[in-house]
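What follows is one structure encoded as structure tokens, with my remarks underneath.
All of the numbers you see were taken from the coordinates with simple rules; none came from a lab. Note that the coordinates shown come from a computational prediction; the quantities given were computed from them, not determined experimentally. Glycine also receives a Cβ, built like all others from the backbone with ideal geometry; neighbour counts cover every protein chain displayed.
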Amino acid sequence: MAARDDPKPTPMMAQYLALREEAGDALLFYRMGDFFELFFEDAKRAAAILDIALTTRGEHGGQAIPMCGVPVHSAESYLARLIKAGCRVAIAEQVETPDEAKARAKREGTPSSKALVGRAIVRLVTAGTLTEEALLEPRRANVLVALAELRGTVGIAAIDVSTGAMVLEECAADQLGAALARISPSEIILPEASPREGGDLRPEGETFTEVPAFAGTRDMVIHRPRSTFASDAGAERLKALHGVATLDAFGAFSRAMLAAAGGLVSYLDHVGRGTLPLLLPPVVRESGGTMAMDAATRGSLEILESAQGGRAGSLIGAVDRCVTGAGSRLLAEDLSAPLLDAAAIEARLALVQFWRDRPIERAQLRDILRAIPDLGRALGRVVAGRGSPRDLGQLRDGLSEAMRLHHWLSAAPDKPALLDQVIARLTGHGALTDWLARALVPSPPTERSGGGFIADGYDAALDELRATSGDARRAIAAMEARYREETGIASLKIRHNGVLGYFIEVPARHADALMAPESGFTHRQTMAGAVRFNSLKLHEEAARIAEAGGHALAAEEAHFEELVAAVVEAREAIAATAAALARLDVGAGNAERAAEGDWCRPAIAEDAGLAITAGRHPVVEAALAKTGERFVANDCSLAQDNRLWLIGGPNMGGKSTFLRQNALIVLLAQAGCFVPASAARIGLVDRLFSRVGAADNLARGRSTFMVEMVETAAILAQATNRSFVILDEVGRGTSTYDGLALAWAVAEAVHSQIACRCLFATHYHELARLAETCEALSLHHVRAREWQGDLVLLHELADGPADRSYGLAVARLAGVPAPVVARAKTVLEKLEATRAATGGIAAGLGDLPLFAALAAEPAPASPEQQLAEALRNADLDALTPREALDLLYDWKRALP
Ligand code: ADP
């Protein structure tokens, strides 16, 4: 780039460096002809990520400049990989043609040979602001979030830029992690940390980056000037955008929400360089409107992504039967935010039921939906100024199909209310679709610069221009035939290329005849085997084509702008139709899933019960089905007086699966889906918690036991008596004594303090003794049997405590060598002998002042009274001989 030994940067280098400065921490794509070039550190970084050649070009400061480049026509796929790798990219385009640059140079008095084409950053491409089809996953929303804190309340502004859906909400600072886990943004914008100055700012250096503690988005946190997060400016901006005098019609927005919205819109302005994407009127999300789930719960239930990452193995992977990307995105939203309002849930369930009961119509509907383009995203591109003629074609096709659906569905009898609402939003675009249908060719191209997308017959002047260039093309074809005849050269051809335009070409051996001065041909170029000529007549016809072509392109461009303006005008109605189609797809898709797996419609109740008959885990069942194995269905029945199930049994016996299937069934039911069970009655759950003992989470790095305890503490702080908690081997991550003690205390607190529904899986037999003091706790186990020396796991839930541990049998099953298992058996026998003698590790718990008893019991009963009470309460049928013996020892020791 810079000339050798030149102390001053060349004009191009100066231009590059200025743009580089402007791009900040983004990579700079610097347009040079048909390539985007990257230089210096950008080049090194991009070459490594993209695995493309790193070369050098020129020198700067005595060093060769590293460089790499990507072709403009395939830039999208490279952009996609850079964004995925966590980069942001600034696109610097040429904003004038070389001719314009020369003209400008002349005006400015610089030699035109030195004229440098002007370049400017036209856009920042960031993970949260994508609209291009190639850069987006069709089945995943792509959400950008801005956060602003005012006096302990965090305003959250979220937008899916690809469809324009904008949601404002607020939450307490300690709930931010859960909110972000629900939204799952791909980019987060925060105010820059600033010195403490007034009550509503955090201490210096303290930023939100520490709060959202979940993986994946950390790279995508971007800080913007605090001044852009002003609530009054945010409100003004929204009013101006939507042309309203007050925002009241959209909802009641708090100052924190408006501050976040201000930061969001200002960032969109910044990355779009003044071109805003589609922004639909903001919607307020009421806090407490949906079931609360924190990040740990979402992670352990693998709702949208499995623990390995990706949809395979996740809940949505097992449930989603939508046939459109928009349907899948809406289903993901439903599953991320299950409802609390029984009427709203029933409305969704009724829609599923409607399609469940009509298999033939459902298949027809799904065929129609499958062919409908992604209206929301096409609209997003068009409004963002990145629309193509193809996007307009998609809007035309999608809207007219929606109208067809409207007519078809309107006639259907017995429609549920939600279907009526949906149908009403499928229509109302007649004038626009007619216009698009008249104006566009049947399949418009993705490139608009080449023209050819406006239909014949739409514009008489355009037709004439096309006729002119068509005539001229035919004239050229006729000319070729005539020249062949006149010159007697059968191999003469009239051809066209980008450099010469039209020319006449003959093989070299025939060239002499055309070289003659009076031949009427002028020589243009000599190639290896051919010579190229021009003629006056050809030149005239070529000029006619060029002129008519140029005018035709300009006419098409003008029509394009006009159509885009009409679409922009109708954006809210189009977005509503897109949302209605998505809701239809979700309803029919859930019905399809229910029919496929024989799922049932859950009954929604307002009490704190939970009754599931023959429940199944959708993901495990699907995985087993692949290997031809059968999933064993299990019941679960919780009520106020039997709200905590303690579940024991061998490892691999199916405890985790059982816990999760019940949590997932609750989640699906409140999301408005049918559930994998033969019957289900769900008392509405306000918060769902799922915790897994640390041993399963080794990959996390931080002290896993610490994580486990932090997460468990959150349950104790946040759960209510309407919550549902599943605890899987909590306490496992530490020593036996600590673990047992913690598990014991947590189970007691959940039972007696929170008094919510809970499934608690544990391998600590000792916990069974909680049943003595916790009146609403019952004991259950997953069944196993030893048969001819082998362990058979039945995956079947039964009442009562687990009779014994099958650790050694599981070890044998897992392939631990026989001598090792034999040795373990000897050790175990010793240990068990000690336990028998001492009463085991929980022996001391007999005289533990029990949690539940702490407050209630003023005068303690005498030891004799306690013993008599314990004897009365003992369920002798539920005891194994060994436990009976333990109990006797305890009682004997308890006597004074
Ligand atoms: P645990 O938590 O008791 O160690 P898991 O729930 O992890 O056991 O189950 C272990 C394996 O057993 C699962 O991966 C699955 O293959 C199988 N399994 C679990 N539950 C069932 C069931 N109800 N029916 C059939 N197979 C099951």
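Using only side-chain charges placed at the Cβ, +1 for Lys and Arg and -1 for Asp and Glu, the dipole size of region 316-385 relative to its Cα centre rounds to 280 debye. Volume per residue for region 320-363 equals 70 cubic angstrom (convex hull of Cα atoms). Distance from the C-alpha centroid of region 624-658 to that of region 752-810: 11 Å, rounded to the whole angstrom. Size check on region 385-446: the Cα extents along the three principal axes, sorted descending, read 42, 22, 16 Å.
Dimensions of region 449-586 from C-alpha coordinates, computed as largest minus smallest value along each principal axis and given longest first, are 73, 33, 21 Å. Taking the Cα atoms of region 722-773, the ratio Rg/Rh between the radius of gyration and the Kirkwood radius comes to 0.95. Only Cα sites of region 86-133 enter the Debye sum here, all with the same form factor; the resulting log10 I(q)/I(0) across q = 0.17 1/Å is -0.59, listed in q order.
Within a straight-line Cα-Cα reach of under 24 Å, Lys892 can be paired with the following lysines, leaving aside sequence neighbours fewer than 8 residues apart in one chain: Lys830. Between the Cα long axis of helix 98-108 and the first principal axis of the chain there is an angle of about 70°, rounded to the nearest 10. Our analysis of region 642-690 gives Rg over Rh at 0.99, with the two radii drawn from alpha carbon positions and Rh computed by the Kirkwood formula. The mean of 1/r over all pairs of different alpha-carbon atoms in region 328-418, once inverted, gives a Kirkwood hydrodynamic radius of 15.4 Å.
To the nearest 0.05, what FRET efficiency results for Glu22 and Thr55 with a Förster distance of 30 Å applied to their C-beta separation? Let's see the in-between values first.
Values: r = 25 Å, r/R0 = 0.83.
In this case the efficiency is close to 0.75.
Across all directions, the average flat footprint of the convex hull enclosing the Cα atoms of region 376-485 is 10.1 nm².
Taking 14 Å as the straight-line reach from the Cα of Lys493, the aspartates and glutamates in range (excluding those fewer than 8 positions away in the same chain) are Glu480, Glu485, Glu505. Using a simple spin-label model with pseudo-atoms 7 Å out from Cα toward Cβ, Arg509 and Asp799 lie 10.4 nm apart.
How much mean residue ellipticity at 222 nm does the chain get from its helices, if each DSSP H run of length 4 or more adds -39500 (n - 2.57) and you divide by all residues, to the nearest 500 deg cm²/dmol?
On the way: 29 runs with 389 residues, N = 896.
One gets -14000 deg cm²/dmol as the mean residue ellipticity at 222 nm.
Taken over the alpha carbons of region 40-197 as equal point scatterers, the Debye sum produces base-10 log I(q)/I(0) values at 0.10, 0.15 Å⁻¹ of -0.59, -0.98. Summarising the overall dimensions of region 581-629 from its C-alpha atoms, the Rg and Dmax are 14.0, 40 angstrom.
Between helix 359-370 and the chain there is an angle of about 40 degrees, using the helix long axis and the longest principal axis of the Cα atoms. In terms of its Cα atoms, the chain spans 133, 75, 66 Å along the principal axes, sorted from long to short.
Comparing His223, Gly451, Val666 along the charge dipole axis of the chain, the residue lying farthest to the positive side is Gly451, per the Cβ-charge model. Over region 577-670, with a single point scatterer placed on each C-alpha, what log10 of the ratio I(q)/I(0) does the Debye formula yield at q = 0.13 1/Å? Rounded to two decimals, the profile gives -0.57.
Here is the size of region 2-104 from its Cα atoms: Rg then Dmax, 14.0, 42 Å.
Can you tell me the order of 397-407, 278-288 when each peptide is scored by its average per-residue count of other Cβ atoms within 10 angstrom, highest first? Working shown, then result.
Values: 397-407: 20.2, 278-288: 17.8.
Top of the packing list down: 397-407, 278-288.
The packing ranking, built from the mean of other Cβ atoms within 10 Å per residue, places the peptides 67-74, 749-756 in the order 749-756, 67-74, highest first. Excluding same-chain neighbours fewer than eight residues apart, the lysines reachable from Lys44 by a Cα-Cα span under 27 Å are Lys8, Lys84. Cα-based values for region 282-382, radius of gyration first and Dmax second, are 15.8, 41 Å.
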